[in-house]
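Working notes, structure below.
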Amino acid sequence: SNQIICTTHSPYVYQDCVNKPNTELTVCTKDQNDKISFDSITASSLFPWSPSWGEINFRAFGLPTVELHNELYGRIQDINGTHTIAATEAFFISQGIQQSKPYVKIHQGTPQPPSNSTIMTYIRNKIHHPENTLNPDFTDQEIYDSIEIMMGIV
(Lines give C-alpha, C1' and ligand atoms only; values in the text may rest on other atoms or scores of the structure.)
Protein backbone atom coordinates (compact mmCIF):
# COMPACT_ATOMS: atom_id res chain seq x y z
CA SER A 1 0.00 0.00 0.00
CA ASN A 2 3.06 2.27 -0.09
CA GLN A 3 4.78 3.85 -3.03
CA ILE A 4 8.33 5.16 -2.98
CA ILE A 5 9.70 7.34 -5.74
CA CYS A 6 13.44 7.69 -6.04
CA THR A 7 15.37 9.59 -8.69
CA THR A 8 18.96 8.92 -9.55
CA HIS A 9 21.59 9.07 -12.24
CA SER A 10 23.42 6.13 -10.69
CA PRO A 11 23.92 3.04 -12.83
CA TYR A 12 24.44 1.10 -9.57
CA VAL A 13 20.86 1.75 -8.50
CA TYR A 14 19.61 1.00 -11.99
CA GLN A 15 21.41 -2.34 -12.13
CA ASP A 16 20.19 -3.39 -8.69
CA CYS A 17 16.54 -2.61 -9.50
CA VAL A 18 16.13 -4.34 -12.84
CA ASN A 19 13.69 -7.26 -12.66
CA LYS A 20 12.98 -6.87 -8.95
CA PRO A 21 9.42 -7.70 -7.88
CA ASN A 22 7.16 -4.71 -7.31
CA THR A 23 9.71 -2.35 -8.86
CA GLU A 24 9.16 -0.27 -11.94
CA LEU A 25 11.99 1.65 -13.56
CA THR A 26 11.24 4.60 -15.78
CA VAL A 27 13.44 6.97 -17.68
CA CYS A 28 12.27 10.56 -17.78
CA THR A 29 13.31 12.64 -20.78
CA LYS A 30 12.61 16.20 -21.85
CA ASP A 31 12.73 17.18 -25.52
CA GLN A 32 13.66 20.51 -27.14
CA ASN A 33 10.12 21.80 -26.56
CA ASP A 34 10.26 20.96 -22.83
CA LYS A 35 7.84 18.07 -23.35
CA ILE A 36 8.48 15.43 -20.66
CA SER A 37 7.98 11.74 -21.37
CA PHE A 38 8.35 8.65 -19.22
CA ASP A 39 9.38 5.29 -20.59
CA SER A 40 9.21 2.10 -18.58
CA ILE A 41 12.45 0.13 -18.56
CA THR A 42 12.74 -3.62 -18.34
CA ALA A 43 15.82 -5.76 -18.50
CA SER A 44 16.71 -6.91 -21.94
CA SER A 45 18.09 -10.22 -23.00
CA LEU A 46 20.94 -8.68 -24.98
CA PHE A 47 23.50 -10.58 -22.93
CA PRO A 48 23.38 -13.44 -20.46
CA TRP A 49 24.78 -10.95 -17.93
CA SER A 50 22.33 -8.10 -18.73
CA PRO A 51 22.26 -5.38 -17.96
CA SER A 52 25.90 -4.53 -18.57
CA TRP A 53 27.36 -1.14 -17.63
CA GLY A 54 27.47 -0.14 -21.28
CA GLU A 55 23.85 -1.16 -21.72
CA ILE A 56 22.78 0.77 -18.61
CA ASN A 57 24.56 3.91 -19.74
CA PHE A 58 23.04 3.62 -23.22
CA ARG A 59 19.46 2.91 -22.13
CA ALA A 60 19.34 5.29 -19.18
CA PHE A 61 21.53 8.13 -20.40
CA GLY A 62 21.77 7.73 -24.19
CA LEU A 63 25.53 7.29 -23.92
CA PRO A 64 27.02 5.12 -26.68
CA THR A 65 30.28 3.61 -25.43
CA VAL A 66 32.98 1.53 -27.06
CA GLU A 67 32.42 -1.03 -24.28
CA LEU A 68 28.81 -1.59 -25.31
CA HIS A 69 29.80 -1.65 -28.98
CA ASN A 70 32.39 -4.36 -28.23
CA GLU A 71 29.90 -6.36 -26.14
CA LEU A 72 27.28 -6.28 -28.89
CA TYR A 73 29.72 -7.14 -31.68
CA GLY A 74 31.04 -10.07 -29.66
CA ARG A 75 27.53 -11.19 -28.72
CA ILE A 76 26.51 -11.25 -32.39
CA GLN A 77 29.61 -13.30 -33.16
CA ASP A 78 28.74 -15.75 -30.36
CA ILE A 79 25.07 -16.10 -31.32
CA ASN A 80 25.86 -16.72 -34.99
CA GLY A 81 29.12 -18.62 -34.62
CA THR A 82 30.83 -15.97 -36.76
CA HIS A 83 34.17 -15.69 -35.01
CA THR A 84 36.04 -13.95 -37.80
CA ILE A 85 35.58 -10.41 -39.06
CA ALA A 86 34.84 -11.69 -42.58
CA ALA A 87 32.13 -14.07 -41.33
CA THR A 88 30.61 -11.34 -39.17
CA GLU A 89 30.59 -8.94 -42.12
CA ALA A 90 28.88 -11.60 -44.25
CA PHE A 91 26.25 -11.97 -41.53
CA PHE A 92 25.65 -8.20 -41.40
CA ILE A 93 25.30 -8.10 -45.18
CA SER A 94 22.80 -10.98 -45.00
CA GLN A 95 20.77 -8.75 -42.66
CA GLY A 96 20.58 -6.07 -45.36
CA ILE A 97 23.23 -3.79 -43.86
CA GLN A 98 25.24 -1.92 -46.46
CA GLN A 99 29.03 -1.82 -46.61
CA SER A 100 29.26 1.94 -46.93
CA LYS A 101 32.27 2.92 -44.82
CA PRO A 102 35.71 2.72 -46.50
CA TYR A 103 38.40 1.22 -44.26
CA VAL A 104 42.14 1.05 -44.97
CA LYS A 105 43.65 -2.10 -43.50
CA ILE A 106 47.36 -2.34 -42.78
CA HIS A 107 48.84 -5.75 -43.56
CA GLN A 108 52.44 -6.42 -42.49
CA GLY A 109 53.07 -2.68 -42.27
CA THR A 110 51.69 -1.92 -45.74
CA PRO A 111 48.42 -0.05 -46.25
CA GLN A 112 45.99 -1.98 -48.43
CA PRO A 113 43.54 -0.38 -50.86
CA PRO A 114 40.42 0.84 -49.04
CA SER A 115 37.53 -1.59 -48.90
CA ASN A 116 33.99 -0.86 -47.81
CA SER A 117 32.73 -2.28 -44.55
CA THR A 118 29.60 -2.01 -42.48
CA ILE A 119 29.60 0.74 -39.87
CA MET A 120 29.67 -1.94 -37.14
CA THR A 121 32.88 -3.51 -38.44
CA TYR A 122 34.45 -0.14 -39.20
CA ILE A 123 33.95 0.96 -35.59
CA ARG A 124 35.06 -2.44 -34.27
CA ASN A 125 38.29 -2.14 -36.25
CA LYS A 126 38.89 1.46 -35.12
CA ILE A 127 38.45 0.36 -31.48
CA HIS A 128 40.69 -2.70 -31.79
CA HIS A 129 43.38 -1.10 -33.96
CA PRO A 130 44.10 2.40 -32.62
CA GLU A 131 47.60 2.19 -34.11
CA ASN A 132 46.04 2.40 -37.58
CA THR A 133 45.65 6.15 -38.04
CA LEU A 134 44.80 5.98 -41.76
CA ASN A 135 41.06 5.95 -41.09
CA PRO A 136 39.07 8.87 -39.68
CA ASP A 137 37.51 8.52 -36.24
CA PHE A 138 33.87 7.50 -36.11
CA THR A 139 31.37 10.09 -34.95
CA ASP A 140 29.16 9.96 -31.88
CA GLN A 141 26.18 9.52 -34.20
CA GLU A 142 27.86 6.64 -36.05
CA ILE A 143 28.56 4.67 -32.86
CA TYR A 144 25.04 5.42 -31.61
CA ASP A 145 23.52 4.17 -34.88
CA SER A 146 25.80 1.12 -34.92
CA ILE A 147 24.77 0.18 -31.39
CA GLU A 148 21.08 0.62 -32.28
CA ILE A 149 21.47 -1.65 -35.33
CA MET A 150 23.24 -4.34 -33.32
CA MET A 151 20.71 -4.14 -30.48
CA GLY A 152 18.00 -4.71 -33.07
CA ILE A 153 19.83 -7.75 -34.40
CA VAL A 154 20.38 -9.26 -30.96
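The values are calculated or read from the model by the stated rules, or taken from the named source; none is laboratory data. Because the structure is predicted, anything quoted here is derived from the model rather than measured. Please note: Cβ atoms are built from the backbone with ideal geometry, for glycine as well, and neighbour counts cover all protein chains shown. Surface areas here come from the heavy atoms of the whole protein model, side chains and all, with no ligands, DNA or RNA. Shrake-Rupley method; radii C 1.70, N 1.55, O 1.52, S 1.80 Å.
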In deg cm²/dmol, rounded to the nearest 500, the helical mean residue ellipticity at 222 nm of the chain, built from -39500 (n - 2.57) for every DSSP H run of length 4 or more, is -12500 deg cm²/dmol
Longest principal axis of the chain (C-alpha) makes with the long axis of helix 66-80 (C-alpha) an angle, in degrees to the nearest 10, of 80
For 139-152, 106-119, ranked highest to lowest by mean beta-carbon neighbours within 10 Å, the order is 139-152, 106-119
For the stretch 67-125, the percent of all C-alpha pairs falling in each 5 Å bin, from 0 up to the bin holding the max distance, is 4, 19, 26, 25, 16, 8, 1
Between the Cα axis of helix 85-94 and the main Cα principal axis of the chain, the angle (0 to 90°, nearest 10) is 70
Once the mean of 1/r over all distinct C-alpha pairs in the chain is inverted, the Kirkwood radius in Å reads 17.6
Excluding ligands, DNA and RNA, the carbon-plus-sulfur percentage of the accessible area of the chain with a 1.4 Å probe reads 51
Taking 55-61, 28-34, 78-84 and ranking on average Cβ neighbours within 10 Å, highest first, one gets 55-61, 78-84, 28-34
If one compares the long axis through the Cα atoms of helix 119-128 with the longest principal axis of the Cα atoms of the chain, the angle in degrees, nearest 10, works out at 80
Here D for the stretch 37-111, in µm²/s, from Stokes-Einstein with a Kirkwood Rh over Cα pairs at 37 °C and 0.692 mPa s, works out to 223
Taking every other residue with Cβ under 14 Å from the Cβ of Gln98 and scoring Lys and Arg +1, Asp and Glu -1, one gets -2
Restricting to lysines and to Cα separations under 23 Å from Lys126, and discarding same-chain partners fewer than 8 apart, the set is Lys101, Lys105
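Tell me the per residue accessible area of the stretch 46-154 using a 1.4 Å probe; a whole number in Å² is fine.
Details: 5780 Å² over 109 residues.
Computed with neighbouring chains in place, this is 53 Å² per residue.
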